[in-house]
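Asker: To start, I am sharing the structure in question, which I have written as structure tokens.
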Amino acid sequence: REKDDKYKIQMPKLRVAQEHKDKRKNIIDVERNIFKFKKSSEEKSRKREKEEKFFRETFMYDKEISVINTATAECSVPSERRVDLPVTAGEQLDVIDVTEGHAVICRNSEGRYGYVLVEHLNFR
């Protein structure tokens, strides 16, 4: 046995530097975050589709939804009815359609639709 041990080659143990371990962990975390991002964007798109469906049913809107203009809300206005869009000061809104009277149909950044009085908007 002693002779065998004498000629036996001992291989050094390869140790991974701590930096490399950290990089591997970070890469795994990034991959997981990407999947979380995709999931949340799918949820947002479903929510937008639901809002659009509600908008079409409530307003009996059968035309194509296209943005005519963009406007900024001058002041905060709470909604009194479900068809009114609650607005906060400085919020960017997409004007979808012009109605008779002093109201326009707008869409906010969350994808909600509703009436907003022209008096509360600043067109640029």
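The values are calculated or read from the model by the stated rules, or taken from the named source; none is laboratory data. Every value quoted in this text rests on a predicted model; they were computed, and no experiment measured them. Cβ placement follows ideal geometry from the backbone for every residue including glycine, while neighbour counts extend to all protein chains displayed. Accessible surface is based on the protein model in full, side chains and every heavy atom, while ligands, DNA and RNA are left aside. Shrake-Rupley method; radii C 1.70, N 1.55, O 1.52, S 1.80 Å.
Asker: Looking at 82, 48, 56, can you tell me which residue is closer than 30 Å to residue 118 by Cα, in contact with a Ser or Thr (Cβ under 8 Å, 6 or more places away or on another chain) and at pLDDT 85 or above?
Answerer: Going through 82, 48, 56 in turn, the sole match is 82.
Asker: Would you please list the contacts, defined by Cβ atoms under 9 Å and residues six or more apart or on different chains, that run from a residue in the stretch 43-54 that is under 16 Å from residue 83 (Cβ atoms) to a residue that is acidic (Asp, Glu) and modelled with pLDDT of 85 or more?
Answerer: 51/110
Asker: Just for strands (runs of 3 or more DSSP E) wholly inside the stretch 51-124: which have at least 3 residues that are open to solvent by less than 70 Å² (accessible area, probe 1.4 Å)? Lay out the reasoning, then the answer.
Answerer: On the way: elements: 69-73, 92-98, 103-107, 113-117, 121-123.
By residue number, 69-73, 92-98, 103-107, 113-117.
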